[in-house]
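In what follows, a single structure is set out as structure tokens and then discussed.
The values are calculated or read from the model by the stated rules, or taken from the named source; none is laboratory data. Note that the structure is predicted; figures quoted are calculated from it, not measured. Cβ coordinates were reconstructed from backbone atoms using ideal geometry, including for glycine residues, and neighbour counts include every protein chain displayed. Heavy atoms of the whole protein, side chains included, go into the accessibility calculation; ligands, DNA and RNA do not. Shrake-Rupley method; radii C 1.70, N 1.55, O 1.52, S 1.80 Å.
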Amino acid sequence: MGAIRSIGVVGGGAWGTALALTAARAGREVRLWARDPGTVSDIRVRRQNPRYLPGITFDEDLDATSSLDEIADADAILLVTPAQTTRAMLAALKQTGKVRGPVVLCAKGIEQSSGKLLSKVMSEELPGIEPGVLSGPSFADDVAKGLPTAVTVAANSAKSALSLCEALQSPCFRPYASIDILGAQIGGALKNVLAIACGAVVGRKLGASAQAALTARGFAELSRLGTAMGAQGETLTGLSGLGDLVLTCSSSQSRNFSFGLRLGEGFMASELISAGGKLAEGAYSARVAVKLASKYDVEVPICDTVAKMIDENLTIDDALNTLMARPLKSETTGL
């Protein structure tokens, strides 16, 4: 991989805009694709994205377009659309016939229809194009405002990962290179599910002790499944695993935590999903995560409980009773 001078960003939401600003601050030539012509106009004319990042005016030189043809031949592409639309977006990029550089997957989720990680989806839709993964503890508003943020950027080789890191690094954005693409994706996908559980506990006013316990035991589930699937332990305890989990399980800025919060307050999952608003990827990944765990013979009781709440087969009170009544077991090996 040569030097990355131009970056195309696919996705005009809050996270896509924030990453486009990040690339611009790093000195890259950036063009952002958004489906909505109004968003394109706002970015070009007003230097704002008021629908997704209200109150923020861009100092950076940022171009926008509604044509994938105009961004597909960039040295690198950041794909920042929801996980469940990844396959369709990759197919649309392939249709341009222009993709040549790496495509970095920035959504955190598992394809619901197939149960596949997004890197596998990419290998099917864009064979021969190098994949990357960007994940870690990062809220779009913080990144857009230029607040200090550190993330993991994974690729198949150290050279590629470092090249992508160099293309995105700025005084306020520090990427750490990794060659564990699988681990970076598992952490990002499962933390969304676990954040729903923590949000539900807070919404139900069950206390900070319960929230902390769920976060810690949730990390145990993430680690067990990640290890069984072949992820590196350093990845799971790093930014894209533990780091992202702690952030997402503790703040209402997280859309997954907020989704869980509303569940805890008494709303039904179907009400929240049909109401639209910001997408909670964990609502789509929960059942898939449970199926993956079953495949690898790994216990994930918290993820299973979240999946049942989303399927509306379990109330928050019944969910708590189910978790608390599980058979006693040791937290460590050797007992």
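Would you give the gap between the C-alpha center of region 41-58 and the C-alpha center of region 1-28, rounded to a whole Å?
16
Please report, as a whole percent, how much of the solvent-accessible surface of region 18-149 comes from carbon and sulfur atoms (probe radius 1.4 Å).
45
Accessible area of region 196-258 with a 1.4 Å probe: how many percent of it is carbon plus sulfur?
58
Could you give the dipole magnitude of region 125-252 about its Cα centre, charging the beta-carbon of Lys and Arg +1 and that of Asp and Glu -1, in debye to the nearest 20?
460
What whole-number value in Å² describes the accessible area per residue of region 55-138 for a 1.4 Å probe?
37
Please calculate how many Å² of accessible area region 242-300 carries per residue, with a 1.4 Å probe and no DNA, RNA or ligand atoms counted.
With all protein chains present, region 242-300 gives 48 Å² per residue.
Past 25 Å, Cα to Cα, is the threshold; run 108/295; 116/329; 94/145; 98/191; 145/205; 116/205 against it and keep the listed order.
116/329; 94/145; 98/191; 145/205; 116/205
If you take the Cα atoms of region 1-115, find Rg, then find the Kirkwood Rh from the mean of 1/r over all pairs, what is Rg/Rh?
With Rh from the inverse mean 1/r over Cα pairs, Rg/Rh is 0.96.
What does the chain give for Rg and for Dmax, in Å, if only its C-alpha atoms count?
Taking only Cα atoms of the chain, I get Rg and Dmax of 19.5, 65 Å.
Quick one: check the C-alpha center-to-center distance for region 214-280 versus region 63-135, whole angstrom.
Using only Cα atoms, the two centres lie 23 Å from each other.
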